[in-house]
Amino acid sequence: MLAGTNHFGKAQPHWNLLGPPSEGIDREFSARVEFEREFNSPPVVHIGIAGLDVEGSDAVRVRVRARHIDRAGFTVLLSTWFGSQVHGVDVNWIALGT
């Protein structure tokens, strides 16, 4: 088992969760998280939002998902849509495997 917390936000290259409103089309940001050690096979990853920095002028719309899970890590996929403006997201995760 491994666990961690990562912060993703507007200081990172390609951050696009701040931007012009989208008509229901997700604005997405992805980043790779590397495990401190490799698993023998791809683990099960549970992921959740631990903190948000958003503008209050619109509804808060944020989705977080773990994608492309392999023995060495996974990709965090963050998304928002319509007029939501996201400055940053703190993500907690736990990876369970052998």
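The values are calculated or read from the model by the stated rules, or taken from the named source; none is laboratory data. Here the structure is a predicted model, which is why all the values come from computation and not from measurement. Note that each Cβ is placed from the backbone with ideal geometry, even for glycine, and that neighbours are counted across all protein chains shown.
A few notes on this one:
- Residue that is farthest from the chain's Cα centre (by Cα), among those in segment 13-37 that are under 19 Å from residue 74 (Cβ atoms) and exposed (fewer than 14 other Cβ atoms within 10 Å of the Cβ): 37
- Test: residue in segment 29-36 that is in contact with an Asp or Glu (Cβ under 6 Å, 6 or more places away or on another chain), free of Cβ contacts under 8 Å to residues at least 40 places away in the same chain and within 30 Å of residue 98 (Cβ to Cβ): no
- Looking at 13, 20, just one residue is of a type outside the set (Asp, Glu), without any contact (Cβ under 8 Å) to a residue 24 or more places away in the chain, closer than 16 Å to residue 55 by Cα and assigned to a loop (DSSP other than H, G, I, E, B), and that residue is 20.
- Taken together, 50, 66, 95 contain a single residue that is among the small types (Gly, Ala, Ser), at pLDDT 95 or above, touching a Pro at 6+ places or on another chain (Cβ under 8 Å) and part of a strand (DSSP E or B), which is 95.
- Of all the criteria given as (1) surrounded by fewer than 13 Cβ atoms within 10 Å (Cβ to Cβ); (2) more than 14 Å from residue 8 (Cα to Cα); (3) of a type outside the set (Ser, Thr, Tyr); (4) at pLDDT 95 or above, the one not satisfied by residue 55 is (4).
- For segment 56-76, the set of residues classified as over 19 Å from residue 25 (Cβ atoms) and acidic (Asp, Glu) consists of 70 only.
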